[in-house]
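Below you'll find the structure, written out as structure tokens, and then a few comments.
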């Protein structure tokens, strides 16, 4: 018996290492095998979901923003007001913003309205304050109750505010702990109001993915809406479904959700704002950063803006993943994606991974966001034709210290050009992924886009002349401010030809700038971006008696005389401020029934609220707070002479846009507040006259 026992024990001991090795192998296999990603089935180039949103009438009312909008840029948002209105002083409480136990403190919020720290106008942000509410959602038959629903967006919201087809954000977990959709907490529904093709986002994010940049995945969705007592499964149309950049996104790409995630909004590139973290609120951290993380961002901005070249090149690689940034810059340049870091103010994320963790470098990386104006569609930086030939050595608008200092460094410039060359071949060649994907997604969406075009045409017909949004029709056939562009097929070919020529040293391309040339096609032509982009088409349609798409001096002055007669309610031959406001609201606001689901603006709200007071100030020559018939005629006569740049005694659409934008430009304080030690930068251009300060109007005396 003892011998048998001894043999059994010996056998067990001999076998124990094998058993332990086997258990360790199984554990290793379990660790090394990535968990199944349930979210993969949500996305795809031709994946089209059917999504139904159901919200109560009370919650729909709560969703309407309390404040926001750009002065003079069309109608106020439904149910809300513009800055300076009754609700602008403090907004209203956000009933959907209840935070759960253990949640990180929210980042500082910008005050309601398009302002920011110090009261300065915040470029890139219309200042909307969106509330979450409880709603039900159905996705291809899968029903989820009590999800969080709110509107989203800046320009995309503003341009669709008169309809129910607005951009949405869905938060599955906001009211029901642990509720997710295929492992995701949030999804975005982009309404493509600025992209008549509907495919720019779906085609652009894969370019960043091909460049090795972590970027959102997309699909499409047919969205319908039920508002109790108001509409039942009303079709809203075609949306692009876009993955949220959140903790789940970070875990999937960086194997951690720790670190500091920022979404800068309204700040000119990575500005150095001094050593006080409180001055960096416009960098919008998504959670409260650790002290070391905040300091690292300050160190990066100081290095960019204060260090000499030797220090910059020696230290930049310790703070910024320069190879990743070269790829990020190459992808933006390839796509001529100007509504981005290339114009400095928004539509990108910056992420600092933690110092420990799998494959973490603890260096800042850039992530793309909001691609609906990529592929040469951001007309404020130039026409589609000009952006097809965007410079690869100066692809950014104005001054961007980070891009400029890196491109001036031969080592980085070489890496960037190598990324750009490879990306051009991989994506834009005849067999490139973007070239091949375009007809595939167009075919998949052909019928849905036709339906969308029909709905847009019907809405435009109801809206009447002028109006807001892209107008009906994708691509060259489209109308409105984002229509009339060359086809995407043309962009891909011309962009490849331009980049190839520039890489070979045969061309320098075109350096962009806000309004660096009059755009071609059917969108706004020249004149920068401002009230003229929205109101010039309305004025042209109202005054162009002979339908030649130009305004003669007589037509322009006839319209001004007509306005004087109609707006002079007390028939005393004078216009006071209230009459100017009311008249401009009547002339330039869309009708209350502009589109299905349209809103009726509160009394006194509209373009006149912002255009009326400065118009009174500039036209009131004798400063009696009223505009006489003679003062009115003199002001419009002076404007016609000033705006008629080619001296042909006609105002074309481009001249009308430029004139209105110059007369009713952005308010004083445009741009973020400067750090205390900052000084105004010289432009370095001696061949240009000093611009009129933003927000100032040119008086009729200046042109006598």
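The values are calculated or read from the model by the stated rules, or taken from the named source; none is laboratory data. Predicted model, so just to flag it, every value in this text is computed and none were measured. Cβ sites come from the backbone with ideal geometry, for glycine too, and all protein chains shown count toward neighbours.
Things worth noting here:
- Selected residue (criterion: nearest to residue 376 (Cα to Cα)) from residues of the range 390-407 that are touching a residue at least 60 places away in the same chain (Cβ under 8 Å) and not in a loop (DSSP other than H, G, I, E, B): 390
- Condition check for residue 632: under 33 Å from the mean Cα position of the chain (by Cα) and modelled with pLDDT of 90 or more: no
- Of all residues in the range 289-310, those satisfying the criterion of being surrounded by 14 or more Cβ atoms within 10 Å (Cβ to Cβ) and in a loop (DSSP other than H, G, I, E, B) are 289, 290, 307.
- Failed item in (1) within 12 Å of residue 43 (Cα to Cα); (2) in a strand (DSSP E or B); (3) in contact (Cβ under 8 Å) with a residue 60 or more places away in the chain, with residue 242 passing the rest: (3)
- Restricting the range 202-220 to residues that are surrounded by fewer than 23 Cβ atoms within 10 Å (Cβ to Cβ) and in contact (Cβ under 8 Å) with a residue 12 or more places away in the chain leaves a set whose member that is nearest to residue 57 (Cα to Cα) is 219.
- The single condition from (1) over 24 Å from the mean Cα position of the chain (by Cα); (2) within 23 Å of residue 202 (Cα to Cα); (3) in a helix (DSSP H, G or I) that residue 416 fails is (2).
- Residue that is nearest to residue 399 (Cα to Cα), among those in the range 266-288 that are without any contact (Cβ under 8 Å) to a residue 40 or more places away in the chain, touching a helix residue (DSSP H, G or I) at 6+ places or on another chain (Cβ under 8 Å) and in a helix (DSSP H, G or I): 280
- Odd one out for residue 196 among (1) crowded, with 24+ Cβ neighbours inside 10 Å; (2) touching a strand residue (DSSP E or B) at 6+ places or on another chain (Cβ under 6 Å); (3) assigned to a loop (DSSP other than H, G, I, E, B): (2)
- Residue in the range 480-488 that is surrounded by 15 or more Cβ atoms within 10 Å (Cβ to Cβ), at pLDDT below 95 and more than 23 Å from the chain's Cα centre (by Cα) present: no
- The residue that is nearest to the chain's Cα centre (by Cα), counting only those in the range 352-402 that are surrounded by fewer than 21 Cβ atoms within 10 Å (Cβ to Cβ) and modelled with pLDDT under 85, is 398.
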